[in-house]
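Remarks on the structure that follows.
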Amino acid sequence: MRDWFYGFDGFIRSRGGREVSNSENNRLMDIRAVASWTGLSVGTLYHLISQKRIPVVRISSRCVRFRQSDIEQWLAEKVVPSQNPK
């Protein structure tokens with residue numbers, strides 16, 4: 001039996017109930033956790049994955065996870081500064 005599992009929130013957890021990660025930002029999240037965290041729908045995330053417009057960790061051909069640090073960086077790149085009218 002392995003000493004970790006995916007929790008209901010999509011984060012990797014140890015059998016003791018803690019998240020397993022060397023760094024808080026390197027944890028892997030499933031698509032539902034990313035949808036909840038970003039406010040994007042699961043369908044939108046699947047669409048972005050199919051177009052290779054969002055970074056993923058591909059576990060297998062049908063299983064993807066998202067590294068939190070990658071999603072934070074991806075979101076930061078999407079920020080558009082407001083234009084101040086003159």
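Odds and ends about this structure:
- Residues in region 47-71 that are touching a helix residue (DSSP H, G or I) at 6+ places or on another chain (Cβ under 7 Å) and surrounded by fewer than 16 Cβ atoms within 10 Å (Cβ to Cβ): PRO55, SER69.
Listed here are the residues, each with its yes/no results for (1) in a helix (DSSP H, G or I); (2) out of contact with any strand residue (DSSP E or B) (no Cβ under 7 Å at 6 or more places or on another chain); (3) in contact (Cβ under 8 Å) with a residue 60 or more places away in the chain.
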site	(1), (2), (3)
SER36	yes, yes, no
GLY43	yes, yes, no
ILE49	yes, no, no
ARG53	no, yes, no
SER60	no, yes, no
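- Any hit, region 6-20, residues being at pLDDT 90 or above and among the small types (Gly, Ala, Ser): no
- Hits in region 63-77 - residues which are part of a helix (DSSP H, G or I) and either of a type in the set (Val, Ile, Thr) or touching a residue at least 60 places away in the same chain (Cβ under 8 Å) (or both): ILE71
The values are calculated or read from the model by the stated rules, or taken from the named source; none is laboratory data. Everything numeric in this text was worked out from a predicted model, so none of it was measured. All Cβ positions, glycine included, derive from the backbone under ideal geometry; neighbour counts span all protein chains shown.
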